[in-house]
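The values are calculated or read from the model by the stated rules, or taken from the named source; none is laboratory data. Keep in mind it's a predicted model, so treat the numbers as computed, not measured. Every residue, glycine among them, receives a Cβ derived from its backbone with ideal geometry; neighbour counts consider all protein chains shown.
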Amino acid sequence: MKNISIIVIVLIGSLTIANMFGFTNNLNAQETKNMKDMKEIYFAGGCFWGTEHFMKQINGVITTQVGYANGNIPNPTYQQVCMDDTGFAETVKVTYDPQQVDLKLLLELYFKTIDPTSMNRQGGDQGTQYRTGIYYKDESDLIIIQTAVESLAKKYLKPIVIEIKPLENFYPAEDYHQDYLDKNPGGYCHINPELFELARTANASTAYKKPDDATLRKKLTDEQYAVTQENATELPFHNEYWDEFREGIYVDITTGEPLFVSTDKFESGCGWPSFSKPIKEELIKGNLDTSHGMTRMGVRSKIGDAHLGHVFTDGPTEKGGLRYCINSASLRFIPKEKMKEEGYSDYLYLLDK
């Protein structure tokens with residue numbers, strides 16, 4: 001069961017940092033996607049900490065937000081919802097790009113995280129707020145949901161008890177609930193952690209896959225392995241790209257996926273490569289780092305799950321105010337003149353901005 005007392009130890013400053021870096025509920029202001037082309041679906045799957053963390057791993061999920069859906073009072077608090085008489089379900093708002101992931105796949109993955117025959121209970125959590133439910137805003141989604149649930153029902157002898165309703169209301173949960181497992185990696189979760197890897201790879205680009213550990217050990221230098229797989233940090237001013245300012249792109253050393261572009265690189269004086277933003281926000285994920293007596297927001301590649309570095313709020317104001325401080329050992333630089341021959345011609349337009 002979730003223990004509210006855990007929340008007392010949450011670092012207020014860390015939450016502020018997480019919000020500032022845009023890894024929480026909203027896209028970074030620099031995100032170029034047109035939100036009118038995005039879609040929304042709402043999943044209730046027991047404790048929303050785990051459901052949110054699972055859904056955000058999926059390629060094509062742009063943002064996630066935990067909250068309370070379809071209840072009978074305005075602006076409920078967590079304590080009110082826990083009284084089990086407000087009608088709310090702990091729910092995750094999922095905003096996704098239908099060009100990258102369709103609703104059918106989201107439903108199939110969601111089903112893997114729940115017992116669809118269990119009424120008002122998932123894992124160790126019990127109460128109406130922990131019921132399973134799929135709440136939609138777009139009427140055209142209903143037939144897709146119904147078809148998916150009917151297919152699911154054929155796999156069970158017991159009846160399926162997933163609630164399927166239009167979204168009546170949704171109120172965001174308190175800040176400490178947002179991205180909870182990013183900020184508390186060892187926190188309570190009713191979902192098997194192995195499923196997070198399944199979500200990450202379910203529809204990942206076929207061009208970029210995380211190699212197995214044996215392959216990484218052969219492919220990477222000792223320093224590259226230590227940085228990307230063991231969260232090490234290389235020395236400032238003694239790394240490959242801190243003073244590299246040719247035109248080109250920087251790709252994940254483990255997968256080859258493009259992460260940063262030279263037009264967003266700037267001299268920060270810190271001794272590591274510094275960027276104002278990644279190519280796309282969904283290429284990376286944030287994690288709270290409290291090592292070495294500091295509170296920082298770490299960043300990792302989403303598909304490769306490689307440790308990249310950290311992000312700070314002391315970047316150039318005219319570039320958005322962020323500084324992605326990245327280890328050279330996490331990257332491979334491809335100069336503009338070699339991008340075509342190495343298969344990155346689709347990214348040449350980024351250098352014309």
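Just need a number here: residues in segment 341-353 that are surrounded by 11 or more Cβ atoms within 10 Å (Cβ to Cβ) and over 14 Å from Gly256 (Cα atoms).
Kept after step one, since they are surrounded by 11 or more Cβ atoms within 10 Å (Cβ to Cβ), are these residues of segment 341-353: 342-344, 347-348, 350-351.
Adding the requirement that they be over 14 Å from Gly256 (Cα atoms) leaves 348, 350-351.
Number satisfying all stated conditions: 3.
Taking segment 275-289 only, how many residues are in contact with an Asp or Glu (Cβ under 8 Å, 6 or more places away or on another chain) and over 20 Å from Tyr347 (Cβ atoms)?
The total comes to 4.
Regarding segment 130-142, can at least one residue be identified that is of a type in the set (Gly, Ala, Ser) and in contact (Cβ under 8 Å) with a residue 60 or more places away in the chain? Quick ask: steps written out before the conclusion?
So in segment 130-142, the residues of a type in the set (Gly, Ala, Ser) come out as 133, 140.
In the following step, the residues that additionally are in contact (Cβ under 8 Å) with a residue 60 or more places away in the chain were identified as 133.
Within segment 130-142, one or more residues are of a type in the set (Gly, Ala, Ser) and in contact (Cβ under 8 Å) with a residue 60 or more places away in the chain.
Conditions (1) farther than 24 Å from Lys56 by Cβ; (2) outside the structural domain of Phe312 (by TED's automatic domain parsing); (3) small (Gly, Ala, Ser); (4) surrounded by fewer than 15 Cβ atoms within 10 Å (Cβ to Cβ), marked per residue:
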{"residue": "Glu194", "(1), (2), (3), (4)": "no, yes, no, yes"}
{"residue": "Arg217", "(1), (2), (3), (4)": "yes, no, no, yes"}
{"residue": "Asp222", "(1), (2), (3), (4)": "yes, no, no, yes"}
{"residue": "Leu235", "(1), (2), (3), (4)": "yes, no, no, yes"}
{"residue": "Asp252", "(1), (2), (3), (4)": "no, no, no, no"}
{"residue": "Ser274", "(1), (2), (3), (4)": "yes, no, yes, no"}
{"residue": "Gly286", "(1), (2), (3), (4)": "no, no, yes, no"}
{"residue": "Ser291", "(1), (2), (3), (4)": "no, no, yes, yes"}
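Report, by residue number, each residue of segment 88-119 that is within 17 Å of the chain's Cα centre (by Cα), among the polar types (S, T, N, Q) and either more than 24 Å from Ala173 (Cα to Cα) or assigned to a loop (DSSP other than H, G, I, E, B) (or both).
Gln100, Thr113
Where the second residue is outside any strand (DSSP E or B) and of a type in the set (Asp, Glu) and the first is under 17 Å from Tyr136 (Cβ atoms) and in contact (Cβ under 8 Å) with a residue 24 or more places away in the chain and lies in segment 148-166, which pairs have Cβ atoms under 6 Å and are six or more apart or on separate chains?
Correct list of pairs: empty, since none qualify.
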